[in-house]
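Notes for the one structure printed next.
The values are calculated or read from the model by the stated rules, or taken from the named source; none is laboratory data. The shown structure was predicted, so the numbers you read here are calculated from the model rather than taken from an experiment. Don't worry about glycine lacking a Cβ; one is built from the backbone with ideal geometry, like all the others, and counts go over all protein chains shown. Areas reflect the complete protein model, heavy atoms only, side chains present, ligands, DNA and RNA absent. Shrake-Rupley method; radii C 1.70, N 1.55, O 1.52, S 1.80 Å.
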Amino acid sequence: MTDSIPPVPVTTARRSIWDRMSVVWLVPLAALFIALGVAWTAWHDRGPLIQIVFDDAAGVEAGQTDLRFRNVSVGKVEKVSFTENLDQVIVNVRLDPDVAPYVDDSSQFWVVRPQVNSQGVSGLETVLSGVFIEGTWDSTPGETKYLHLGESIAPLMPSNRQGLRIILRSTDGALTTSMPLMFKGVPIGRIGDARVSPDGLSVEADAVVFAPYDRLVRKDTVFWDASGFSISVGTGGATINFASLASLLIGGGTFDTFVSGSPPAEDGDIFRIFYYEADARASLFSRNNAATLNLSAVFEGNVAGLSAGAAVELNGLRIGEVTGLDGLIDPERFGNEDIHLITVLTIEPNRLGLEGDGSPEKAQEYIAGMIEDGLRARLATGSILTGGLKVQLLEVADAPPAVLDTAAEPYPAIPTAPSEITDITATAQGTLSRINDLPIEELLNSAISFMDNASMLVGSPEVQSVPKEVSGLIADVRGVVGSEAVQAVPEQLTAVLGEIQGTVADIRAMLTDIQAQDAVGRLLSTVDALQVAATNAGTALDGVPALIERINGIASQVEALPLNDLVTQASSLLSSLDALIASEEVKALPGNVSASLEQLRSVLADVQAGGVIDNANAVLSSARDAADQITAVAAQANTAMEGVPALIDQITSLTTKATELPLTDLLDQATALMASADTFVSSDGMQTLPADLSAALAELQGVLSDVRNGGVIDNANNTLASAAAAADQIAAAADQLPAMIDKVNALLASTETAVAGFNDTSSVVRDARDAMREVTRAAEAVAQLARTIERNPNALIFGR
Amino acid sequence: MLTARDAGLVACTRCTRVWPIGQTHCDRCGSRLESRDDKSLSRVWAWLAVGLMCYIPANLYPMLVTKTLTSSYNSTIVGGAIELMHGGAIVVALVILVASVAIPIAKFVCIAYLALSVRRGVRAAPGSRQKMYEIVEYIGRWSMIDVFVVAILSSLVQLNVVAAINPGPASLAFACSVIFTMLSAQAFDPRLIWDHIEADEDPASEGAAETIR
């Protein structure tokens, strides 16, 4: 605090509250007013709180669930609590003040939940929105009621609708669940859920008929179940009846009034509802709704076949029916613990034809009196066909005395007599019991297990995939079948078959030909003969060297002979020989041989030209053998030929010796002979012989190769024919041989003649004779060969 | 200790120019000059009252209205936090509780304490009270985080019938409460905190302090 600072002028705080208060205070004040206003409004507009008692409040939530009237929310559930003993649920609902006056005694409340049943779907909106409480009340305001009993289901008749409330009663199951009540197919009311009547003998249900159709229901109206359908078969044919498709599906009751002038029905009237329209019509005449008398009867033994609805007859007159059938065990009453069957007999007193009003009491008195006179109830066969039973009330003559037991429960008991049931029932029962004994359960079990297995099998993926695979297979097969190649198969097949047919025909013709000509046999025999011929030829040729030896021996012996005469003879012989050689026949011999070979060649050419047989492989091998044989023959022929030079040498030495002889003529003759021989040897035919032979062999080789290369059977015949021709040719050629042999014979004869000049008895002559015989034998062998060849030309080919 | 007021000076709160105490307006920036805002406490209490009034419906009414296909669900601040806690999201629930319950209430308490402490002597040091004031003023704006969450959720989840989140009445009330609380905190003149020191140090001037009241 320094003096330099002037004292602060402090003003006295004497200001009003407004100076001290900020304007800002207006804000909380405004907020306060607003809050108070809102709160007061909320409280003021709040409606009354009512309580609704439900057995079950599933889905009802405090603060969520609405109370609705005509589907408009008129309140909200505020609290859900229990009654004191927790038996029921109390739902506290805050009502809208507008509707509060209407919520009076007429109000009904129920919880709307989604429902799906035979009559359709209802309350679907609650699936999304949650359940709500539906209320209904009439349109007249009254005093608000604060405690209500909620319905468990929607009431049949809402409070805001007018109509008739009646009760329907059924003993035969016509009533089950709630269903529409229809009149000529038009729904005009509802039948509620059925309940069992207090006495347990029938089923009752509330029903409503909405205005203005309620006037259709009269006192004498009959009701029946219109659901389902009925089939009747009669002389007029078969008919099937049902009311409508809707009633067929969901059921429904219907009614009609067949009697006119009946007063209108009133609320609370009880009507009976029948299962069939015919029953309902028939009931008209029994005035079923009149009071009835209920009696009970206890039957012992089997009452199978007795059913509700069975007739109760008094001396043959139907006076009522069986309405109940119950088992009862009452040791005190019956003295044993067996089960007894109590039958309730509902008797219609007006059927008894009693005087007056026909009340049940009078009917009971009347029956009681008759019982004292011996009236008894007994079971009798009602229908032989079905085995159904009926109850007969009839007087039994020697019945023990009895009275109507009025104290019996549930109804006065009428004494019974033993039953009179036709045997057919027993028989039928026997049959039925036999049917009963059938192992149906085992059968069914087996069937079920079989079905299971079958379904497992069918359901297995393998089997499931079978159709697909099969279809795939079929598709593949279709593709294959559809391919052009397969499509062309039939044509090709036809062509092939045609060819086969032609081939078979050819084969048949060929076989026929072969058969006809016995070609094979001929072929075989020919080959055999040819082989024999070749063998013989070989044997024959074997003897040629020996022959030459002998000739040599002869020559040497001739040499050793005193040759003077001999030379002369030889000279003449030689000259004869010369003459012989010079003769045209000898000269023609080579030509003939050549021609023969030419013929052979042509034959072979024919054989070659004729083709070969494919299937004659054995034949071909035999032919090869034959060729080998021929080759061997040729070789032997060569060997034989080799002996010829030796012979010529011998002859030359002989000639030389002869030359040494002072025999100029002889020499000249020999020279001439030599020249002739030379001429012979150098003749064209002789020179061409080897070439012809080789050509023939070449031909044969070609033939064989052709044969080896295969051919056609068809030509076997030609071949055989050619072979035959060849054989003919060979035969013709062989024909030449005898001529040649004749020539040789002639030569030998000349020689013999010449030699005959020698000493017949000398050994030389003998030897010469022997030699000649040998030559003759050889010639015969050749002749035999020729004959053999002639007989079996094919032996030449087959070597046999 | 010499204060500006004792020295006969007053500082401009806008441009901090110091003037003699008699000056009513700052010649430099033109703002009004007051040595002490004598209506400050009144304003503080007024705003605080409105803030408190708004805070009550903010907790009673639903903050979020969640509509799904089948149901509509209201959640208050505390109810939502408890539900989250039951759902296992304890951390989130704690954040909500702290941001929406603890901090606003703490603000109310702090402001009321500060306002009271100016008028009555308290033991707490003025320094710590000044710090408390600064904290309250700083933290005030963060209380709006709840309102922002509601706004974001409402704009994000709008799937028409299937699912929708709408702000409940509590969100508006809560926003108002926060706003008013902030105004209340701003209305407080922190210079008042220090005035008592002088009174404490100089008992002679107590009378002067009384007159200011």
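Here are some notes:
- Here r is the Cβ-Cβ distance between B:GLU34 and A:ARG161 and R0 is 51 Å; the resulting FRET efficiency, rounded to 0.05, is 0.05.
- Sum of side-chain charges, A:LEU147 neighbourhood, beta-carbon under 13 Å (Lys, Arg +1; Asp, Glu -1): -2
- Added length on full extension, which subtracts the Cα-Cα distance from 0.36 nm per residue, A:SER307 to A:ALA407: 33.5 nm
- The slack in the chain from B:ALA151 to B:VAL95, taken as 0.36 nm per residue of separation less the alpha-carbon distance, amounts to 18.4 nm.
- Solvent accessible area, Å² - B:TRP47, 1.4 Å probe, full protein context: 40 Å²
- Share of pairwise Cα-Cα distances greater than 14 Å in region A:443-482 is 60 percent (whole percent).
- With the simple spin-label model, which puts each label point 7 Å out from Cα in the Cβ direction, the B:HIS25 to A:ASP199 separation comes to 11.0 nm.
- Rg and Dmax, both from the Cα atoms of region A:57-123 and both in Å, are 13.6, 39.
- Distance from region A:79-104 to region B:10-76 (C-alpha centre basis), Å: 47 Å
- Crossing angle, helix B:191-201 versus chain B [Cα axis fit, 0-90 degrees, rounded to tens]: 50 degrees
- Distant-in-sequence amide H partners of B:SER31 (H built 1.01 Å from N, under 5 Å): B:CYS26
- Cα-Cα over 28 Å, subset of A:LYS76/A:LYS145; A:LYS145/B:LYS67; A:LYS219/A:LYS390; B:LYS67/B:LYS107; A:LYS184/A:LYS219; A:LYS184/A:LYS390: A:LYS145/B:LYS67; A:LYS219/A:LYS390; B:LYS67/B:LYS107; A:LYS184/A:LYS390
- Using the Cβ-Cβ distance between A:ALA475 and A:VAL116 with R0 set to 51 Å, the FRET efficiency works out to roughly 0.65.
- Computed FRET value (nearest 0.05) for A:ARG68 with A:ILE270, which takes r as the C-beta separation and R₀ as 35 Å: 0.50
- A loss of 40 Å² or more of accessible area (1.4 Å probe, protein heavy atoms, ligands and nucleic acids excluded) relative to the isolated chain is seen in these residues of region A:21-40: A:SER22, A:VAL24, A:TRP25, A:VAL27, A:PRO28.
- Between A:TRP43 and A:VAL489, the simple spin-label model (points 7 angstrom out along Cα→Cβ) gives 10.4 nm.
- Evaluated at q = 0.09, 0.12 Å⁻¹, the base-10 log of the normalised Debye intensity for chain B, with identical point scatterers placed on the Cα atoms, takes the values -0.50, -0.74.
- For chain B, the solvent-accessible area of protein heavy atoms averages 54 Å² per residue (probe radius 1.4 Å; ligands and nucleic acids excluded).
- Per-residue ³J(HN,Hα) for region A:25-36, Karplus 6.51 cos²θ - 1.76 cosθ + 1.60, θ = phi - 60°, Hz, x for Gly and Pro: 4, 4, 5, x, 5, 5, 4, 4, 5, 4, 4, 5
- Interface area, chains A and B: about 1800 Å² of buried accessible surface, summed, with a 1.4 Å probe and ligands, DNA and RNA left out.
- Extension gain from A:LEU149 to A:GLU78, taking 0.36 nm per residue of separation minus the Cα-Cα distance: 23.8 nm
- Taken along the Cα-to-beta-carbon direction at a fixed 7 Å, the label points for B:ILE105 and B:ARG119 span 2.4 nm.
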